[in-house]
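Structure first, commentary second.
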Amino acid sequence: MTRKYKDLVGDGGSNIAGQVEALTDRLSSRLRQIKRVIAVLSGKGGVGKSTLTANFAAAWQRMGLNVGVLDADLNGSCMAKLLGVRGYRIQESEQGVEPATSPHGIRLMSMDFFMPDEAQPLIWRGPQSHQHAWRGMVEANALREMLSDTHWGRLDVLVLDLPPGGDRITAVCDTVGPLSGAVVVGLGSEVSQLIVGKSIRLVRDHLGQETFGLVTNMRQYYDPETNRLLPLFDSGTVDPIDLEQLGDVPFDPRMVGCCDRGVPFVIAHPDAPASIEIRRIAQLVIERGQS
Amino acid sequence: MKFLCSECQEAMKLDKTGGLEDDGTFSVRFACPSCDWGFVMWTNPQETQMVRSLGVKIGGSHVPPAPMETLRAHLGTTEGTPSGKCPFSAMLPED
Ligand SMILES: Nc1ncnc2c1ncn2[C@@H]1O[C@H](COP(=O)(O)OP(=O)(O)O)[C@@H](O)[C@H]1O
Ligand SMILES: [Mg+2]
Ligand SMILES: [Zn+2]
């Protein structure tokens, strides 16, 4: 009788399993210094995940918390620009790679800091044919390293800005392990509800992650001239998503300029309805994370 | 992947790594601890890359990986990491 796989003890001396375990330990010891890991996700692109990540981070920082941001959207990173730390080049210390610190005190790690030129797309070195066979693995490991090898210090919150797409959400959850919770962002339109609904079922029901609730972004338009809130589109017939509503952040035409200048909107326009709502949601999420 | 000597029913042991070629193919020699039998496994570039992507070194390593070693090795910005100029050398144990 030929002996089976499970009958053979050890890994024949390649020590691969042992090294993978050591890398996992490295990640766990880093995460022990971080009180909460909160993911901002949607499944859909262009709904305001990155913009809200930057603004929640700023709101938490203003609440007196130590905040870090991990730009987990490796192929579409933009947090360096949103937080005003474009052009930062990584530095190493005894404790790992030093994150950038924004003018408002938010620590950030992003793929942008490793790229020689921010206009270039992210291209991994490796065999050019059959890239699909290994690309996901490289990205999962790059993400693990960005988490475990960054000298975050003690953090009250680490916010992850996630890429769109269910497969990416799964890969990130797989790497990070249990989150304190996820904040899901949608637009409130029918198309958005459809895609966002899928991500909620994926993250909550399939991956078993905690979800704090849904933020609807840009359903309303705030006109700073007239100080009025108007509906942006007719959303009367849309089926509601089966997740607690955390709030509604209106579209504010001044938001785009803030993103471009690298100043979070909640800091530039603290009295705007969008800022008041973002702070209220930020407070709610922190309270949820404590219970 | 595990290998079995079909004669002795013993698990084959990693004997030595080597034969890392410019084309990304890579060789590992395995030997049976009980008899003299041995063989060399060649991986194709995609298989080599799969191991490399895990951020591990075949045969283990005495030094822990440098911070963000896998990420930097895959971007080609290898300064400050022990991975040298060959894109695959990061997966070889250094000594
Ligand atoms: N509440 C808002 N008011 C005005 N513009 C917004 C608002 N939320 C997001 N945006 C704009 O929408 C665009 C997409 O946002 P972004 O955060 O990049 O989305 P995602 O990360 O989900 O792809 C950006 O140009 C951003 O400035
Ligand atoms: Mg984004
Ligand atoms: Zn044998």
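The values are calculated or read from the model by the stated rules, or taken from the named source; none is laboratory data. Worth saying up front: this structure is predicted, and the values here are computed from it rather than measured. Cβ coordinates were reconstructed from backbone atoms using ideal geometry, including for glycine residues, and neighbour counts include every protein chain displayed. Heavy atoms of the whole protein, side chains included, go into the accessibility calculation; ligands, DNA and RNA do not. Shrake-Rupley method; radii C 1.70, N 1.55, O 1.52, S 1.80 Å.
The figures follow:
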{"read-out": "Some residue of the range A:148-159 being outside any strand (DSSP E or B), facing chain B (nearest Cβ under 8 Å) and under 21 Å from the mean Cα position of the chain (by Cα)", "value": "yes"}
{"read-out": "Condition check for A:LYS35: modelled with pLDDT under 95 and among the charged types (D, E, K, R)", "value": "no"}
{"read-out": "Any hit, the range A:236-246, residues being touching a residue at least 24 places away in the same chain (Cβ under 8 Å) and small (Gly, Ala, Ser)", "value": "no"}
{"read-out": "Among (1) open to solvent by 20 Å² or more (accessible area, probe 1.4 Å); (2) on the phi < 0 side of the Ramachandran plot; (3) away from ligand 2 (no atom under 16 Å from the Cβ); (4) modelled with pLDDT of 95 or more, the one test that A:GLY105 misses", "value": "(2)"}
{"read-out": "Residue check, A:ASP25 assigned to a loop (DSSP other than H, G, I, E, B) and either more than 23 Å from A:GLY257 (Cβ to Cβ) or touching a strand residue (DSSP E or B) at 6+ places or on another chain (Cβ under 7 Å) (or both)", "value": "no"}
{"read-out": "Selection within the range A:251-291 - touching a residue at least 12 places away in the same chain (Cβ under 8 Å) and polar (S, T, N, Q)", "value": "A:SER275, A:GLN283"}
{"read-out": "Scan of the range A:160-173 for residues that are charged (D, E, K, R) and either assigned to a strand (DSSP E or B) or under 13 Å from the mean Cα position of the chain (by Cα) (or both), ordered by number", "value": "A:ASP161, A:ARG168"}
{"read-out": "Looking only at the range A:49-66, and only at residues there that are open to solvent by 30 Å² or more (accessible area, probe 1.4 Å) and either part of a helix (DSSP H, G or I) or within 9 Å of ligand 2 (Cβ to nearest atom) (or both), the one that is farthest from A:PRO163 (Cα to Cα)", "value": "A:ARG62"}
{"read-out": "All positions within the range B:1-14 that are facing chain A (nearest Cβ under 8 Å) and either open to solvent by 80 Å² or more (accessible area, probe 1.4 Å) or closer than 29 Å to A:ARG125 by Cβ (or both)", "value": "B:SER6, B:LYS13, B:LEU14"}
{"read-out": "Qualifying residue in the range A:174-194 (condition: within 27 Å of A:MET137 (Cβ to Cβ), assigned to a helix (DSSP H, G or I) and open to solvent by less than 60 Å² (accessible area, probe 1.4 Å))", "value": "yes"}
{"read-out": "Selected residue [under 30 Å from A:ARG32 (Cα atoms) and touching a residue at least 60 places away in the same chain (Cβ under 8 Å)] from A:GLU145, A:GLU139, A:GLU98", "value": "A:GLU139"}
{"read-out": "From the options B:GLY24, B:GLY55, residue that is surrounded by 18 or more Cβ atoms within 10 Å (Cβ to Cβ) and touching a residue at least 40 places away in the same chain (Cβ under 8 Å)", "value": "B:GLY24"}
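One line per residue, one yes/no per condition, for (1) within 16 Å of A:ARG36 (Cα to Cα); (2) in contact with a strand residue (DSSP E or B) (Cβ under 8 Å, 6 or more places away or on another chain):
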| site | (1), (2) |
| --- | --- |
| A:ALA57 | yes, yes |
| A:SER102 | no, yes |
| A:PHE114 | no, no |
| A:GLU118 | no, no |
| A:ASP149 | no, yes |
